[in-house]
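Peer 1: Have a look at the structure that comes next, please.
The values are calculated or read from the model by the stated rules, or taken from the named source; none is laboratory data. Quick caveat, the model's predicted, so the values are computed rather than measured. Positions of Cβ are backbone-derived with ideal geometry, glycine not excepted, and every protein chain shown enters the neighbour counts. Note: accessible area is taken over every heavy atom of the protein model, side chains too, but ligands, DNA and RNA are not part of it. Shrake-Rupley method; radii C 1.70, N 1.55, O 1.52, S 1.80 Å.
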Amino acid sequence: MSESETPKVGEVIITYIRENDGKEIQKPRQDTPNSPYDTPYNTTEEGEKPNTIKTPDGKTYKIVPKGDYPVGKVDGEGHLTTTDPTTGKVIEGDKNVTYVYKLKEQPKGNVYVHYVDTEGKTIKASVTDEDKQPVDKDYDTVVDNRPQEIE
């Protein structure tokens, strides 16, 4: 086959970014690697447009609703409208489809230290060791809230 007879190929790449600064939160995914020109593609299929993404650092991101964001206008699919359509046909070269995510509010918790004697009677006012901290955060009340003696 001569070079002029080589079939035209392209691919569709899906990226996942934060709504505030456009930083990728997950590695891009190839939807149709090295596919012939005119091959249909759909980036909304199972696993290609997750509603939530958990990053290795433990943060959870949720796909954004329709609206205007610092990165640009987003449609009802969570798709950045300035990027290629979520469905279509492969062209020669690459198509890039981008979905936009926002950091999901993480659950928070508190750690209180209560000081009681062996009968359960309060012997010192309670203190807050951790206030509104992310769930699963380590804490240590011994270092700063366990006196050797209470008078």
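Peer 1: Relative contact order, percent, of the chain when contacts are C-alpha pairs under 8 Å separated by at least 6 residues?
Peer 2: 22
Peer 1: At what distance in nm do the modelled label points of Lys132 and Lys108 sit from each other, each positioned 7 Å from its Cα along Cα→Cβ?
Peer 2: With each label point 7 Å from Cα toward Cβ, the separation is 0.3 nm.
Peer 1: Note down the nm distance, to one decimal, between modelled labels 7 Å out along Cα→Cβ at Thr118 and at Val143.
Peer 2: 3.2
Peer 1: If I compute solvent accessible area with a 1.4 Å probe over the protein chains, what percent of it on the range 61-151 is carbon and sulfur? List each step's numbers first, then the result.
Peer 2: Details: 3090 of 6440 Å².
Carbon-and-sulfur percentage of accessible area, whole number: 48.
Peer 1: Among the lysines, which have Cα under 16 Å from the Cα of Lys8 when same-chain residues fewer than 8 positions away are ignored?
Peer 2: Lys89, Lys95
Peer 1: Which lysines, if any, have their Cα less than 21 Å from the Cα of Lys59, not counting same-chain residues under 8 positions apart?
Peer 2: Lys23, Lys27, Lys49, Lys102, Lys104, Lys108, Lys132, Lys137
Peer 1: Take the Cα radius of gyration of the range 76-134 and divide it by 2.2 N^0.38 Å, with N its residue count; two decimals is plenty.
Peer 2: Numbers: Rg = 26.5 Å, N = 59, 2.2 N^0.38 = 10.4 Å.
Scaled against compact globular proteins, the figure is 2.56.
Peer 1: Please compute the alpha carbon radius of gyration of the chain, then divide it by the globular-protein estimate 2.2 N^0.38 Å. Two decimals is fine.
Peer 2: Ratio of Rg to 2.2 N^0.38 Å for the chain: 1.74.
Peer 1: Can you tell me the accessible area per residue over the chain, all protein chains present, probe 1.4 angstrom, in square angstrom?
Peer 2: Roughly 69 Å² per residue, with all protein chains present.
Peer 1: Continuing with this model, one more query. Please report the orientation-averaged projected area of the range 104-151, defined via the convex hull of its C-alpha atoms, in nm².
Peer 2: 4.1
Peer 1: Distance between Cα centroids, the range 111-151 to the range 28-74: provide it in whole Å.
Peer 2: Between the Cα centres of the range 111-151 and the range 28-74 lies a distance of 45 Å.
Peer 1: Just from its helices, what would the mean residue ellipticity at 222 nm be for the chain, if runs of 4 or more DSSP H residues each count -39500 (n - 2.57) and the sum is divided by every residue, rounded to the nearest 500 deg cm²/dmol?
Peer 2: -500 deg cm²/dmol
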